[in-house]
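Enquirer: The following block contains the structure, expressed as structure tokens.
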Amino acid sequence: MKEIINFEAVYKKVAKLLVDLKQCVVLTGAGISAESGIPTFRSQGGLWEKYDPAVYASIEVFRKDPSKYWILRGDFIRNYDHYQPNTAHLALAELEQMGIVQCVITQNIDGLHKKVGSKDVVEIHGSLREIYCLACGKEYRAPHVPYGTPPCCSCGGVLKPNTVLYGEQLPMKALMKAQEVSARCKAMLLVGTSAVVQPAASLPFMAKQNGAQIIEINIEKAFPDANYFMMEKAGTVLPKIVAEIKIIR
């Protein structure tokens, strides 16, 4: 039987825990941005049900035919300003301002944490916000990219977003920081992540092994060893936790 902890008392308990421990790191996945209208990848109806990631999100294929990637991502990038942070993103930014959240590690490439004002954000899979010319290195900022499939720079080079495709290595600096803050945190919030994609999936285990309390907010339980699990949308839970913290303080 699936354990579900979903009642008002848990918000108070988690709020007090976060106030007491303070050193909290957050790991977010596609679930937090689903409430902003951004499709998830692996859940039912997600992008990978419609598009084969080995074709549409592979660096090997991109080098041969970048148009496939831009067929998948072009509309999102050109409509980048239409996608806005939701109440969950805002709540995490507030928790950072309160001195509780020390760092947000995100698997998402939508840039919404930075857009809402979170300062210490580790984008371990990169971001669609920055686009670079593979020939001359010129930077473009979404949504301002030339038209074309694929779009090309004024020099004629192909443009590629600053995201990690299948077959590429994660940015080492970002990965090392994610591992460092996870190892020393006292609490970790897991928000809308499937916790199956490595190496991000190893971070909550690293935190747990070093004594951190794990608090999961998700529509399905993904981390079996979480100390607290709230089966609810992040946009509902996180503002309630923030409200409880404001009462406590």
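Enquirer: If we sort 134-141, 28-35 on the protection proxy, mean other Cβ atoms within 10 Å, highest first, what's the order?
Expert: Going from most to least packed, we get 28-35, 134-141.
Enquirer: Relative to the Cα centre, what is the charge dipole magnitude of the range 116-175, using +1 at the beta carbon of each Lys and Arg, -1 at the beta carbon of each Asp and Glu, and rounding to the nearest 20 debye?
Expert: 100
Enquirer: Which whole-number percent of Cα pairs in the chain have a distance greater than 31 Å?
Expert: Taking all Cα-Cα pairs of the chain, the fraction more than 31 Å apart is 25 percent.
Enquirer: Relative to the longest principal Cα axis of the chain, at what angle does helix 67-78 sit, 0 to 90 degrees, rounded to 10?
Expert: 60
Enquirer: Take the solvent-accessible surface of the protein heavy atoms, probe 1.4 Å, and return the percent of it on the chain that carbon and sulfur atoms account for.
Expert: 53
Enquirer: Full-extension gain between ILE248 and ARG141, please, as 0.36 nm times their residue separation minus the C-alpha to C-alpha distance.
Expert: Going from the current span to full extension adds 34.4 nm.
Enquirer: I've got another one for you. Compute the length gained on full extension between GLU168 and LYS119: take 0.36 nm times their separation in residues and subtract their Cα-Cα distance, giving the result in nm to one decimal.
Expert: Stretched out fully, the GLU168 to LYS119 stretch lengthens by 15.0 nm.
Enquirer: Follow-up question, since we're still on this one. Which value, in debye to the nearest 20, gives the size of the charge dipole of the chain about its Cα centre, when Lys and Arg are +1 and Asp and Glu are -1 at the Cβ?
Expert: 380
Enquirer: I'd like to check one number: the per residue accessible area of the chain, probe 1.4 Å, reported in Å² as a whole number.
Expert: Dividing the accessible area of the chain by its residue count gives 47 Å².
Enquirer: Could you give me the percent of Cα pairs per 10 Å distance bin for the range 77-126, shortest bin first, beginning at zero and ending with the bin that holds the maximum distance?
Expert: The percentages, shortest bin first, are 28, 54, 17, 1.
Enquirer: Under 12 Å from the Cβ of ALA9, count the other residues' Cβ atoms, weight Lys and Arg +1, Asp and Glu -1, and hand me the total.
Expert: Around ALA9, the surrounding residues sum to +2.
Enquirer: Right, next: Quick one: which residues, 5+ away or cross-chain, put their amide H under 5 Å from the amide H of TYR132? H built at 1.01 Å from N.
Expert: For TYR132, the qualifying residues are TYR140, LYS160, ASN162.
Enquirer: Rounded if a/c is under 1.5, else prolate if a/b is larger than b/c, else oblate: which is the range 210-249, with a ≥ b ≥ c the root eigenvalues of its Cα gyration tensor?
Expert: oblate
Enquirer: Would you mind calculating the gained length between ARG184 and ASP65 on full extension (0.36 nm times residue separation, minus the Cα-Cα distance), in nm to one decimal?
Expert: 38.6 nm
Enquirer: Step through the table entries LYS208/LYS240; LYS16/LYS208; LYS13/LYS173; LYS68/LYS138; LYS12/LYS119, compare each Cα-Cα distance with 29 Å, and write down the pairs that go over it.
Expert: From the list (LYS208/LYS240; LYS16/LYS208; LYS13/LYS173; LYS68/LYS138; LYS12/LYS119), the Cα-Cα distance tops 29 Å for LYS13/LYS173.
The values are calculated or read from the model by the stated rules, or taken from the named source; none is laboratory data. On a predicted model such as this, the values are computed, not experimentally measured, just so you know. When we count neighbours, we look across all protein chains shown, and the Cβ atoms used for this are built from the backbone with ideal geometry, even at glycine. Just so you know, the surface numbers come from the protein's heavy atoms only, side chains and all, with ligands and any DNA or RNA stripped out. Shrake-Rupley method; radii C 1.70, N 1.55, O 1.52, S 1.80 Å.
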